[in-house]
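Working notes, structure below.
The values are calculated or read from the model by the stated rules, or taken from the named source; none is laboratory data. On a predicted model such as this, the values are computed, not experimentally measured, just so you know. Virtual Cβ from ideal backbone geometry, glycine too; neighbours counted across all protein chains shown.
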Ligand code: R5P
């Protein structure tokens, strides 16, 4: 397999390149004088299985560059293209609301029409995303990684809390993986209004120490509102455990004033270089992706090897 990796994912790239059947691909994406994008590859890809590692998250140039490189690999007769998108942008636009774009379906169609055959991602936002994608969308779960964090940071005695009912399943999977009692997961009912997030009171009980588990922190609106309620309910020590750390804007900084001691997130999104990251701990999904890829691809490599 030939791996074409975009900047920002060097750690994951290194681990994927350590897989015996993966070799590095060389490419450039640039702009002509008039600003139009172009992609150029420097390897022969005819008949090869190509891997693309990167992101389609804003700025929009990332999406266009990703699509253009895929299109180029296909034009050069790559046999198969697997996109590794650790964070799948547009995955929250998965509800068909009258008069509004269904971004998940749109982006899936774009990836397919540019030649991509399958996607590997981490903790996709919803099962609906997989239904909306016209190509296989493999989502690698982080339960075991989260369980390791919980054990290493001595959080097994904390209450796992879901910031909305969509996160209850994730919380239960993490508790199972960490060997914690499953029980009922305390959660909030959440509403997004024009004025921001509105949370109900906590449904269920939390102790003095809580871990909120979710798929992502974006602006932090969801978590700030949930932590405010938890603090008011007497929770003194709060930890946040999320897969994708987007950290958009600066509202999430308020989390520290509601008793949040630390935010744990993975490296599916490169950490913003301009933020104060003292109490943010990043852990890597590289081994998870390498394992997922080896399991998904090895049989194909073995079949090819034996028929050669
Ligand atoms: C919502 O369904 C998601 O699971 C996250 O809770 C949400 O998208 C996070 O966004 P923000 O940090 O902007 O509230």
If the Cβ limit is 6 Å and pairs must be 6+ apart or interchain, which residue in the range 213-235 that is at positive phi pairs with which residue that is surrounded by fewer than 21 Cβ atoms within 10 Å (Cβ to Cβ) and not in a strand (DSSP E or B)? 220/251
Tell me the residue from 25, 47, 54 that is in contact (Cβ under 8 Å) with a residue 24 or more places away in the chain and surrounded by fewer than 12 Cβ atoms within 10 Å (Cβ to Cβ), please. 47
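What strands (runs of 3 or more DSSP E) completely inside the range 224-295 contain at least 3 residues that are within 12 Å of the ligand (Cβ to nearest atom) and closer than 27 Å to residue 119 by Cβ?
Details: elements: 237-245, 260-266, 280-283.
It comes to 237-245.
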Assess whether residue 105 counts as being under 17 Å from residue 269 (Cα atoms) and surrounded by 16 or more Cβ atoms within 10 Å (Cβ to Cβ). no
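Mind telling me which of the residues 229, 195 ends up being modelled with pLDDT under 95 and more than 26 Å from residue 283 (Cβ to Cβ)?
Values: 229 fails: modelled with pLDDT under 95.
From the options 229, 195, the qualifying one is 195.
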Scanning the range 162-202 residue by residue, those surrounded by 13 or more Cβ atoms within 10 Å (Cβ to Cβ), part of a loop (DSSP other than H, G, I, E, B) and within 14 Å of the ligand (Cβ to nearest atom) turn out to be 163, 164, 188
